[in-house]
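> Handing you this structure, nothing more for now.
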Amino acid sequence: MVTPPPIAPAADPGQLAGHLIVECLVAQGVPQVYGVPGESYLAVLDGFHAYRDRIRFVINRQEGGAAFMAEAHGKLTGRPGVCFVTRGPGATNASIGVHTAFQDSTPMVLFVGDVASDQRDREAFQEVDFSSFFGPSTKGLAKRVERIDEPDRIPEYVARAFATAMNGRPGPVVLVLPEDMLTRTTRARPLPRIEPVQAWADPDSLRRLRELLVAARKPFVIAGGGGWTVEAAQALQRFAENWSLPVGNAFRFQDTFDNHHPLYAGDVGIGINPKLAARIRECDLVIALGARLGEMTTGGYTLLKAPRTSQKLVHIHAGPEELNRVYYADLAINASMACAARSLEALEAPAQVPWRDWAQAAHADYEANLVPQALPGSVDMPAIVALLQKHLPADAVHTNGAGNFASWMHRFFRHHGLAKGHRTQLAPTVGAMGYGVPAGIAASLASGRVAVTMTGDGDFLMNGQELATAAQYGGKSIVILLNNGMYGTIRMHQEREYPERVSGTPLANPDFAALARAYGYAGVRITKTEEFEAQLLAALERPQGTLIEVMLDPEVISTRGTLSAIRQNALQK
């Protein structure tokens with residue numbers, strides 16, 4: 001009898017490429033991703049089911065909200081926030097979050113399900129050339145755009161995306177996933193977790209920086225941008241203390257330096273304290289640490305004249321492409337914030353510096369700016385901000401979108417600073433409306449901390465649908481909605497430029513409190529200051545999120561004046 005040959009074991013077919021995508025995210029330490037499902041990446045969705053005990057797919061209601069939540073996640077954690085969308089309409093909706101991540105220097109990775117490989121370049125259903133749409137040639141969307149055609153190279157592409165998103169100036173990366181590629185099998189394995197590469201300042205530059213400081217009489221530090229860590233913020237504080245340097249935080253990076261510190265001079269951005277603006281103009285040395293020195297931080301390039309400033313300028317930035325791009329610096333240093341701040345704290349300071357009184361005066365100006373002007377109406381917004389300061393925990397996360405409503409927090413709320421252990425401000429320097437609501441939900445889901453969103457009626461309606469996302473996943477944010485019945489910022493500019501010619505700015509609004517309740521939040525409305533404190537305390541105790549609608553007098557258009565005053569001033573001109 002002839003013995004049959006042994007049956008060879010079947011070759012390991014591997015796993016679906018879509019599953020490997022998810023496994024690579026797990027290897028990078030991603031706890032959750034945000035997205036709207038699409039048929040173009042069903043194999044990836046199946047992968048999230050397979051790995052559901054290790055990573056969560058948060059289902060959003062619109063891709064713009066999903067991308068904002070991923071951006072907020074990246075801003076809060078320092079690791080790339082991850083978003084999944086489908087081709088064409090999904091990707092274009094998500095582009096607002098990509099643009100925000102680019103201008104805000106936030107690490108983020110957007111995965112886009114694409115048409116099948118054999119249908120490419122035929123204007124197939126929802127087809128878009130993503131390299132052209134998102135690519136570096138746009139000068140404002142993604143740092144890098146790549147398409148994964150081979151399943152075996154998925155680990156390489158994902159690892160590179162995370163490295164690119166974090167290295168140098170942080171920013172967004174787009175990975176395009178052909179539908180047919182995701183359904184092929186592969187035996188490739190994920191690469192290990194990527195950590196950002198850190199760049200140190202060279203010793204000669206640090207010696208030159210010290211010489212500039214010693215020669216200065218009125219130096220000023222502007223801190224902000226991406227890439228900060230708790231340790232870097234602590235080192236910045238020690239550097240400022242060693243040299244008695246006044247520090248201002250760049251636009252919407254107000255938690256970089258402790259607002260309670262005696263060397264804090266205020267935020268350098270929209271609605272800047274006029275005395276702080278004058279102080280920056282008269283200083284003789286600016287040390288810009290991590291800040292890009294964009295239009296909002298520089299007051300439309302007037303506080304610091306481009307391309308050559310009247311002040312001596314030291315510009316320290318993680319992205320070499322940013323140095324000497326807009327401003328010619330007297331000293332440009334390419335260094336990561338984690339390294340730059342540690343180098344600065346090691347600079348030996350002289351026993352005495354001539355600007356100590358000047359630095360103290362800068363802080364006194366900041367504290368004086370906390371005293372509000374008298375404004376009309378039954379709602380006192382500075383008093384409401386004071387109640388937030390009183391009752392919220394020090395590590396509460398504050399978010400906002402774009403609009404004059406944000407100025408109340410920017411001027412009157414005092415962040416404890418990253419040096420005390422937590423990032424507490426998530427706000428779009430790009431000025432994107434609709435950011436605050438999804439950002440607050442992401443902060444709640446990602447950290448479990450108290451998350452408070454300041455929004456306006458126009459701003460809320462751009463992404464208010466994400467309250468349904470929060471309710472589905474147990475997110476608990478407190479939304480304070482200022483309802484003045486108009487696009488307030490544009491109306492303010494309109495009255496200044498074209499007084500009494502109202503066009504395109506009035507809003508007919510829904511019942512926001514009822515709308516919040518429909519989504520699963522508690523919803524309440526207040527019409528006077530005295531009603532707010534009880535509602536805030538109740539919101540902090542509730543198991544679900546709360547929306548507090550604040551009926552704000554349309555006259556109260558900014559922290560410094562009324563709509564009528566702006567109109568009358570324009571008419572007199």
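> Within the stretch 75-190, considering only strands (runs of 3 or more DSSP E) that don't extend past its boundaries, which have at least 1 residues that are open to solvent by less than 10 Å² (accessible area, probe 1.4 Å), touching a helix residue (DSSP H, G or I) at 6+ places or on another chain (Cβ under 9 Å) and under 20 Å from PHE48 (Cα atoms)?
Working: elements: 81-85, 108-114, 144-147, 172-178.
Where strands (runs of 3 or more DSSP E) fall fully within the stretch 75-190 and carry at least 1 residues being open to solvent by less than 10 Å² (accessible area, probe 1.4 Å), touching a helix residue (DSSP H, G or I) at 6+ places or on another chain (Cβ under 9 Å) and under 20 Å from PHE48 (Cα atoms), they are 81-85, 108-114, 172-178.
> Checking the condition of a type in the set (Lys, Arg), open to solvent by less than 30 Å² (accessible area, probe 1.4 Å) and touching a helix residue (DSSP H, G or I) at 6+ places or on another chain (Cβ under 7 Å), which residue from ARG414, ARG423 passes? Reasoning before the result, please.
Values: ARG414 fails: open to solvent by less than 30 Å² (accessible area, probe 1.4 Å).
Checking each option against the conditions leaves just ARG423.
> Still on this model: Looking at the structure I just gave you, is ALA514 over 24 Å from LEU563 (Cβ atoms), open to solvent by 10 Å² or more (accessible area, probe 1.4 Å) and over 26 Å from the mean Cα position of the chain (by Cα)? If you could, list the steps in order and put the result at the bottom.
Working: over 24 Å from LEU563 (Cβ atoms): yes; open to solvent by 10 Å² or more (accessible area, probe 1.4 Å): yes; over 26 Å from the mean Cα position of the chain (by Cα): yes.
For ALA514, the condition - over 24 Å from LEU563 (Cβ atoms), open to solvent by 10 Å² or more (accessible area, probe 1.4 Å) and over 26 Å from the mean Cα position of the chain (by Cα) - is met.
> Those residues that are of a type in the set (Val, Ile, Thr) and surrounded by 16 or more Cβ atoms within 10 Å (Cβ to Cβ), I need them from the stretch 200-228; list them, please.
Within the stretch 200-228, the subset of a type in the set (Val, Ile, Thr) is 214, 221-222.
The answer is VAL221, ILE222.
> Still on this structure, please answer the following. Check the stretch 67-79 and report whether any residue there is hydroxyl-bearing (Ser, Thr, Tyr), farther than 27 Å from ASP395 by Cα and modelled with pLDDT of 95 or more.
Step one: of the stretch 67-79, the residues hydroxyl-bearing (Ser, Thr, Tyr) are 77.
Checking the rest, the ones that are also farther than 27 Å from ASP395 by Cα come to none.
Among the residues of the stretch 67-79, not one is hydroxyl-bearing (Ser, Thr, Tyr), farther than 27 Å from ASP395 by Cα and modelled with pLDDT of 95 or more, which makes the answer no.
> Taking the stretch 393-430 as the region of interest, how many residues are closer than 13 Å to ASP255 by Cα, β-branched (Val, Ile, Thr) and not in a strand (DSSP E or B)?
Qualifying residue count for the region: 1.
> Could you tell me which of the residues GLN472, GLN389 is touching a Phe, Trp or Tyr at 6+ places or on another chain (Cβ under 7 Å), open to solvent by 10 Å² or more (accessible area, probe 1.4 Å) and not in a strand (DSSP E or B)?
Just one listed residue meets the conditions, GLN389.
> Further, regarding this structure: Considering only residues of the stretch 431-445 that are outside any helix (DSSP H, G or I) and at pLDDT 95 or above, which is surrounded by the fewest Cβ atoms within 10 Å (Cβ to Cβ)? Reasoning before the result, please.
Just the residues of the stretch 431-445 that are outside any helix (DSSP H, G or I), to begin with: 431-435.
Keeping just the survivors that are at pLDDT 95 or above gives 432-435.
Working: ALA432: 23, MET433: 20, GLY434: 25, TYR435: 34.
That would be MET433.
> Going through ALA432, ALA443, ALA386 one at a time, which residue ends up being free of Cβ contacts under 8 Å to residues at least 40 places away in the same chain, out of contact with any Pro (no Cβ under 7 Å at 6 or more places or on another chain) and among the aliphatic types (A, V, I, L, M)?
One residue alone meets the criteria, ALA386.
> If the Cβ limit is 7 Å and pairs must be 6+ apart or interchain, which residue in the stretch 323-342 that is without any contact (Cβ under 8 Å) to a residue 60 or more places away in the chain and more than 14 Å from ARG208 (Cβ to Cβ) pairs with which residue that is open to solvent by less than 20 Å² (accessible area, probe 1.4 Å) and assigned to a loop (DSSP other than H, G, I, E, B)?
LEU323/ALA329; VAL326/LEU293; TYR327/LEU293; TYR327/LEU304; TYR327/THR309
> Considering each of ALA570, ALA538 in turn, give the residue that is touching a residue at least 60 places away in the same chain (Cβ under 8 Å), small (Gly, Ala, Ser) and in a helix (DSSP H, G or I). First the steps, then the outcome.
On the way: ALA538 fails: touching a residue at least 60 places away in the same chain (Cβ under 8 Å).
Being touching a residue at least 60 places away in the same chain (Cβ under 8 Å), small (Gly, Ala, Ser) and in a helix (DSSP H, G or I) holds for just one of ALA570, ALA538, which is ALA570.
> Name the pairs whose Cβ atoms lie under 8 Å apart, with the first residue in the stretch 295-308 and touching a residue at least 24 places away in the same chain (Cβ under 8 Å), the second aromatic (Phe, Trp, Tyr), and 6 or more positions between them or separate chains?
These pairs meet every condition: MET296/PHE251; THR297/PHE251; LEU304/TYR327.
> OK, next. Out of GLU531, GLU500, GLU555, which single residue is in contact with a Pro (Cβ under 6 Å, 6 or more places away or on another chain), surrounded by fewer than 20 Cβ atoms within 10 Å (Cβ to Cβ) and within 26 Å of SER378 (Cα to Cα)? Steps first, please.
Numbers: GLU531 fails: in contact with a Pro (Cβ under 6 Å, 6 or more places away or on another chain); GLU500 fails: in contact with a Pro (Cβ under 6 Å, 6 or more places away or on another chain).
On inspection, the qualifying residue turns out to be GLU555.
> Another question about this same structure. So GLN465 ticks every box in (1) open to solvent by 30 Å² or more (accessible area, probe 1.4 Å); (2) within 30 Å of GLU231 (Cβ to Cβ); (3) part of a helix (DSSP H, G or I) but one. Which box is left unticked?
Exception for GLN465: condition (2).
> Residue pairs, Cβ under 9 Å, 6 or more apart or interchain, first in the stretch 495-524 and at negative phi, second open to solvent by 50 Å² or more (accessible area, probe 1.4 Å) and of a type in the set (Asp, Glu). List them.
GLY523/ASP511; VAL524/GLU531
> Let me ask you something else. Let me confirm something: among MET166, MET181, which residue is touching a Pro at 6+ places or on another chain (Cβ under 9 Å), touching a residue at least 60 places away in the same chain (Cβ under 8 Å), within 22 Å of PRO89 (Cβ to Cβ) and hydrophobic (A, V, I, L, M, F, W, C)? Please lay out each step first, then the result.
Values: MET166 fails: within 22 Å of PRO89 (Cβ to Cβ).
On inspection, the qualifying residue turns out to be MET181.
> Oh, and also: Condition check: open to solvent by less than 20 Å² (accessible area, probe 1.4 Å), assigned to a strand (DSSP E or B) and among the aliphatic types (A, V, I, L, M). Does VAL452 satisfy that?
yes
The values are calculated or read from the model by the stated rules, or taken from the named source; none is laboratory data. Please read these numbers as outputs of a predicted model, since none were measured by experiment. Don't worry about glycine lacking a Cβ; one is built from the backbone with ideal geometry, like all the others, and counts go over all protein chains shown. What goes into the accessible areas is simple: the full protein's heavy atoms, side chains included, and nothing from ligands, DNA or RNA. Shrake-Rupley method; radii C 1.70, N 1.55, O 1.52, S 1.80 Å.
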